[in-house]
Every structure is written in structure tokens, then in C-alpha cells.
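A quick write-up on the structure given underneath.
Bear in mind these aren't lab numbers, they're just calculated from the coordinates by the rules spelled out. None of the values given here were measured: they were computed from a predicted structure. For neighbour counting, all protein chains shown are included, and Cβ atoms are generated from backbone atoms with ideal geometry for every residue, glycine included.
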Amino acid sequence: MKRTGRISYHFCRLLLGGVFVWAGAVKALDVPAFAGQVAAYQLLPYAWNYAVAATLPYVELLAGALLLINLKARPTALLLAALNALFIVVLASVLARGLNIDCGCFGPDAGTTPLQALGRDLLLLALAVAVYLQHDRYARPPVVPPES
């Protein structure tokens, strides 16, 4: 069981890290377009849209990279869980207000509806929680006692 737990931990960590590196990279390539997508949510003052668009991709890139190299994975998973919880609240707000926008999660041409993005963010939240909870148990390789 310990081996499957370790495989599960590393699978979740690598998948979550890869998704956030990809999402951050795509958004970082076109910050003005991403700022327009942030503005479509109609939640922030105009000046804050660009600040979020200029910052969030690099937070995602760094967090994803840290997970991929298994460095500070537990606090990074906690950060990504918090970000995904925020994304879920924001998407629920979009759905409640009846806005029909592209979520902007993977660039301007992804064509993802808010409902699809909400489902994906729930899965990403589950992955982040799994990495956070399993880290202490499975992050390090087992210690093999020296032969006598």
C-alpha cells in the first residue's frame, strides 16, 4: 500500500505542477489579453485587472515549477489549494450573475465555459489537497536500513 500511496502522491504532484506551469506560461505570453479576460469577470477596479494579469501567471509558473521539482511541495500545494478555492468562488459568482465569458485559465483561445472551468478547478483543488495531505508520508523515498 505504501508504494501505491507514493505513486499517487507523485502523480498528483506532477499533474498539478504541470497544469499550473502550462496555465501560467500561456497567460504570461500575452498579459494584455489576459488582463482583458480578468476584466470580463467584472469584479475588480480597472487598474487591478492588469495588476492581477501581470502577477498571477508568474505565481502559477513558480508554484507549478516548485511542485515539479518537489521543492516546498506542501506549502505550494496549500497556496494552489487557496488559489483554486478563490477561482471556484469567482466562477460561482460568474455563473450566479449569468455572465457568458471564457474563463481565461489557459489563454485567450481556450474557449472554456465557466461551468467547465468550475469542474476543472474542483478537480485541481482535490489534487492540491491530496498533495498537501500526502506530502509528509510519501514525499521522500523510504529510508533503507544499512546492511550489517
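A few notes on this one:
- Equivalent ellipsoid semi-axes, the chain, via Cα gyration tensor eigenvalues times 5, rooted, Å: 34, 15, 11
- The chain: angle of helix 114-138 to the longest principal axis, Cα-based, in degrees nearest 10: 20 degrees
- Computed from Cα atoms, the angle from the helix 46-68 axis to the main principal axis of the chain rounds to 20 degrees.
- Efficiency of FRET from Cβ geometry, N100 and R74, R₀ 25 Å, rounded to 0.05: 0.10
- Listed peptides 20-31, 90-101, 115-126 by packing density, highest first (mean Cβ within 10 Å): 20-31, 115-126, 90-101
- GNM flexibility winner over the chain from A73, A33, A63 (Cα, springs under 10 Å): A33
- Rounded, prolate or oblate (a/c below 1.5 giving rounded, otherwise prolate when a/b exceeds b/c) for region 24-90 by Cα gyration tensor: oblate
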